[in-house]
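Below: one structure, written as structure tokens.
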Amino acid sequence: MTDNTDNTDNTDNAEHTTAWRTRREAPADHAEVHTVNATAFQRAAEADLVDALRADPDAWLPGLSYVTEAPDGTIAGYALITRCHVDGVPAAALAPVAVRPEHQRRGAGSAVVRAVLEAARARGERLVLVLGHPGYYPRFGFVPASEYGIRPGFDVPSEHLMALVLDDSSSVAPGTIRYPAAFGV
């Protein structure tokens, strides 16, 4: 499972200092996205996870894989939303989120997360879940998933599983989150 709870150094915590260009990931970006994830997490697991999710038609949501471009046109950051379920009800999972070390804490992570969340909203996704740092994701509107009665099916501190409702509804189906098989949980 991509555990974004240790991801505070792989995203940014400061106000934007650069106007970041975000866009959908293109097929030509796959190798560079792999490098961004491997570099940001200092291991290949998250990079390999993205590749496995791309190959899973039940998990992959076309158009919900986004990059942030550095001023020189290279990829600085990455965010992915894939299909998950809460007791059989479709939901979306945000993971991984990664930023190259030289671009961290400058707004690249925030820009790409905002872009992919907006794309999910425009696509009609209703609920996004993230397993991440509780000091980072609330800036995007995430709250503890337990507020909606959503829990993980594995051992993790409850404050690290967060939810964001993308539409105006106040009700969300409670239950246990089930990630795609590639996550390994």
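The values are calculated or read from the model by the stated rules, or taken from the named source; none is laboratory data. No experiment lies behind these values; they were computed from the predicted model shown. Neighbour counts are summed over all protein chains in view; Cβ atoms, including those assigned to glycine, are modelled from backbone coordinates with ideal geometry. Accessible surface is based on the protein model in full, side chains and every heavy atom, while ligands, DNA and RNA are left aside. Shrake-Rupley method; radii C 1.70, N 1.55, O 1.52, S 1.80 Å.
Data overview
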| item | result |
| --- | --- |
| In the range 115-134, the residues that are in contact with a helix residue (DSSP H, G or I) (Cβ under 7 Å, 6 or more places away or on another chain) and either more than 24 Å from Ala173 (Cα to Cα) or in a helix (DSSP H, G or I) (or both) | Leu117 |
| Residue check, Arg139 farther than 16 Å from Leu64 by Cα and without any contact (Cβ under 8 Å) to a residue 60 or more places away in the chain | yes |
| Those residues of the range 61-87 which are open to solvent by 30 Å² or more (accessible area, probe 1.4 Å), in contact (Cβ under 8 Å) with a residue 24 or more places away in the chain, of a type outside the set (Asp, Glu) and not in a strand (DSSP E or B), in sequence order | Pro71, Thr74 |
| Residue list for the range 124-168, restricted to those being basic (Lys, Arg) and either farther than 19 Å from Tyr78 by Cα or in contact with a Lys or Arg (Cβ under 6 Å, 6 or more places away or on another chain) (or both) | Arg126, Arg151 |
| Sole exception among (1) in a loop (DSSP other than H, G, I, E, B); (2) open to solvent by less than 10 Å² (accessible area, probe 1.4 Å) for Asp58, by number | (2) |
| Members of the range 140-185 that are of a type in the set (Phe, Trp, Tyr), open to solvent by less than 40 Å² (accessible area, probe 1.4 Å) and not in a loop (DSSP other than H, G, I, E, B) | Phe140, Phe183 |
| Qualifying residue in the range 113-136 (condition: more than 16 Å from the chain's Cα centre (by Cα) and open to solvent by less than 10 Å² (accessible area, probe 1.4 Å)) | no |
| The range 88-112: number of residues that are outside any helix (DSSP H, G or I), open to solvent by 10 Å² or more (accessible area, probe 1.4 Å) and either of a type in the set (A, V, I, L, M, F, W, C) or closer than 21 Å to Ala70 by Cβ (or both) | 5 |
| Residues being of a type in the set (Ser, Thr, Tyr) and farther than 23 Å from Arg23 by Cβ - total across the range 43-66 | 0 |
| Filtered residues of the range 15-70 (kept if of a type in the set (Gly, Ala, Ser) and touching a Leu at 6+ places or on another chain (Cβ under 7 Å)) | Ala59, Ser65 |
| In the range 43-67, the residues that are under 18 Å from Val113 (Cα atoms) and in contact with a His (Cβ under 8 Å, 6 or more places away or on another chain) | Ala47, Val50 |
